[in-house]
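Comments concern the structure below.
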Amino acid sequence: MGEKMKGKIRSLVVLCIICIFTISAQTVVYANEEDFFPEVEVPIEYEEEPVISSGVLIQPYFSYIDGFTVQLRISGNKATCSGTMSGTASTTKVAIFMYLQKYDYDAGAWKTYANWSKTKEDDAITISETATIVKGTYRVKCSYWGYNGTLSENTIAYSTAYAK
């Protein structure tokens, strides 16, 4: 093999290594100062396992849900809970069921402290509500629904847990 060919192979190997490192790199996200709240370690709660029917794993493919957010902000004795969802081009109706949850250390589980819901004949929706809270650890759970006629899709997301 000639020197010119060896040089091209080395360049190709270096390029492949760079691509592998780039793809496997983790993204680090920093919050703004106004988004900072002290976090509290609490046990992770998992939703139901994926459904397996006739040996086939059934999971949503985001046919009617394009994107969503969930947020909890605590200031004094007020918790502001919010959620947004955008549907796909085929979404005809959207809904959000939002739950402010408080961690019950005695029971070792999250309990609903307050809840709200909103439905809209559209492809996007926003909900924002405020609740008066007492000392404790809180998070927001949002259940998002996207519809196209009688067909529907659902996903659930949680905010970060914060202590008051």
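Structural remarks
- Cα-centre dipole for the range 53-163 with unit charges at Cβ (Lys and Arg positive, Asp and Glu negative), debye to 20: 440
- Note that the range 53-163 carries a Kirkwood radius of 14.9 Å, evaluated over its alpha carbons pair by pair.
- In sequence order, the range 67-72 has phi-based couplings of x, 7, 9, 9, 8, 10 Hz under the Karplus curve 6.51 cos²θ - 1.76 cosθ + 1.60, θ = phi - 60°, and Gly or Pro positions carry x.
- Using a cut-off of 24 Å between Cα atoms, the listed pairs Lys93/Lys164; Lys78/Lys120; Lys118/Lys164; Lys141/Lys164 include Lys93/Lys164; Lys78/Lys120; Lys118/Lys164 as exceeding that distance.
The numbers here are math on the coordinates, done by the rules we state, and not lab data. In this text, all values refer to a predicted model and were calculated from it rather than measured experimentally. A quick note on method: Cβ atoms are made from the backbone with ideal geometry, for glycine too, and the neighbour counts reach across all protein chains shown.
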